[in-house]
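Here's a structure for you.
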Amino acid sequence: MAMTIDHISPFDTIICSCYVNEEIYIMSKFIDPNLFNLPSSTKLRQIGANQFDIVIQRKSRIIMKDGEGILIKAKKIKEHVPNAKVRLRTSAPVCGKTRSFLKDHNIGVQAC
């Protein structure tokens with residue numbers, strides 16, 4: 001469900017907004033990773049009620065060691081939200097082996 005600009009608290013971070021029928025709708029926002037017992041350095045974005053993005057913005061390649069860490073983070077999210085869909089959004093290139101490893105564990109990979 002989209003929120004209008006009238007319902008935004010000062011603590012919400014607007015990532016992307018859409019202007020439709022004279023109203024601004026929030027597409028997603030960053031949320032506190034401590035809610036899911038994740039490290040505070042984790043950038044976590046909630047897209048919908050049960051869809052989350054783990055955001056990694058860097059230039060160096062995402063390798064298997066990173067993929068294993070992403071899987072651990074995804075499992076922690078799924079402990080709190082059982083039907084959660086987790087996706088990795090990154091600006092870095094992803095190793096092919098890591099991409100298939102994440103796909104096997106139902107974690108999508110998308111460039112940002």
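Go through the stretch 63-112 and give me each residue that's under 18 Å from Thr42 (Cβ atoms) and assigned to a strand (DSSP E or B).
Lys85, Val86, Arg87, Leu88, Arg89, Thr90, Val94, Ile107, Gly108, Val109, Gln110, listed by residue number.
Name, by its number, the condition in (1) surrounded by 12 or more Cβ atoms within 10 Å (Cβ to Cβ); (2) under 13 Å from the mean Cα position of the chain (by Cα) that does not hold for Val81.
It fails just one condition, (2).
A short reminder: the numbers here are calculations on the coordinates, not readings from a lab. Bear in mind that the values here come from a model prediction, so they are computed numbers and not experimental data. Note that we place each Cβ from the backbone using ideal geometry, even for glycine, and neighbour counts take in every protein chain shown.
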